[in-house]
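Below is one structure, written out as structure tokens; the observations come after it.
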């Protein structure tokens, strides 16, 4: 197959990502009402497989706050005061101030985002508590693989700002995927086959999700973590039903979010036909590590 350049199409709600005449996915820029779920922005849904079938879910009935591929945390405090709950979409908004598309070499395309996190619990929601700069890079499809990068940088606007996951043994929070959950869903990491646990499973640079995501095609989803990600390699929250998947950072204990430097989280999502061996995924991981840093 001749690789076709990625095309970004702006709408009043966000950005459609196309590979030739096929839709890769959608970035939700504007705050949108989602059925009975709380309004939300700054996430990816749908993300499609190579045959056009959606792999992600938005506001599923079991967790109305789940949304496609997203990054959010339960705990955010300033001077010890709780600032909304970005995970649960309570008293929290994402104001996408910049959403700049650009074309890169070899047919790739990037969305450069500047997002201000706001809450009525911090200065009446008039100024951001955190500034997020994210780069979403989409690469042309090959015959059997689609991939895109998510590069998130976070910086506090006020001293003594802390961020954390759920304040329990699970500690979930950060980069998260609400993918479809077929009955035959299986998990494989660099450590071998994995089984979901009450809390997290041991750290791994990558995790592969395998199962019958649609009746029409045979795909797997693999997430690679870049060594530049804080907390690398991260433990994983895995769920086989009614939930999401999450490489965990920082966990249940909230950590200081700096004002004068960025906390960085980097991931590559691959959608590929068939499962891919551990050796193949390790090669993808090494290729990811060796690739130029396009967000510099």
Given the condition modelled with pLDDT of 95 or more, under 13 Å from the mean Cα position of the chain (by Cα) and under 19 Å from residue 248 (Cβ atoms), answer yes or no: does some residue in the range 34-51 qualify?
yes
If I ask for residues that are touching a residue at least 40 places away in the same chain (Cβ under 8 Å), over 30 Å from residue 77 (Cβ atoms), more than 19 Å from the chain's Cα centre (by Cα) and in a loop (DSSP other than H, G, I, E, B), which ones from the range 242-296 would you list?
274, 275, 276
Here is a list of conditions, (1) under 16 Å from the mean Cα position of the chain (by Cα); (2) buried (at least 20 other Cβ atoms within 10 Å of the Cβ), and residue 117 meets all of them except one; can you say which number that is?
(1)
Which count do you get for residues in the range 217-229 that are under 21 Å from residue 261 (Cα atoms) and either more than 15 Å from the chain's Cα centre (by Cα) or surrounded by fewer than 16 Cβ atoms within 10 Å (Cβ to Cβ) (or both)?
2
Residue 167 being surrounded by fewer than 20 Cβ atoms within 10 Å (Cβ to Cβ), over 20 Å from the mean Cα position of the chain (by Cα) and closer than 27 Å to residue 144 by Cα:
no
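Could you tell me whether any residue of the range 141-162 is assigned to a loop (DSSP other than H, G, I, E, B) and under 19 Å from the mean Cα position of the chain (by Cα)? So that I can check it myself, show each step before the final result.
First, the residues of the range 141-162 that are assigned to a loop (DSSP other than H, G, I, E, B): 141-144, 157-160.
After this cut, where a residue has to be under 19 Å from the mean Cα position of the chain (by Cα) as well, the list is none.
Looking for residues that are assigned to a loop (DSSP other than H, G, I, E, B) and under 19 Å from the mean Cα position of the chain (by Cα), one finds none in the range 141-162, hence no.
The values are calculated or read from the model by the stated rules, or taken from the named source; none is laboratory data. In this text, all values refer to a predicted model and were calculated from it rather than measured experimentally. Note that we place each Cβ from the backbone using ideal geometry, even for glycine, and neighbour counts take in every protein chain shown.
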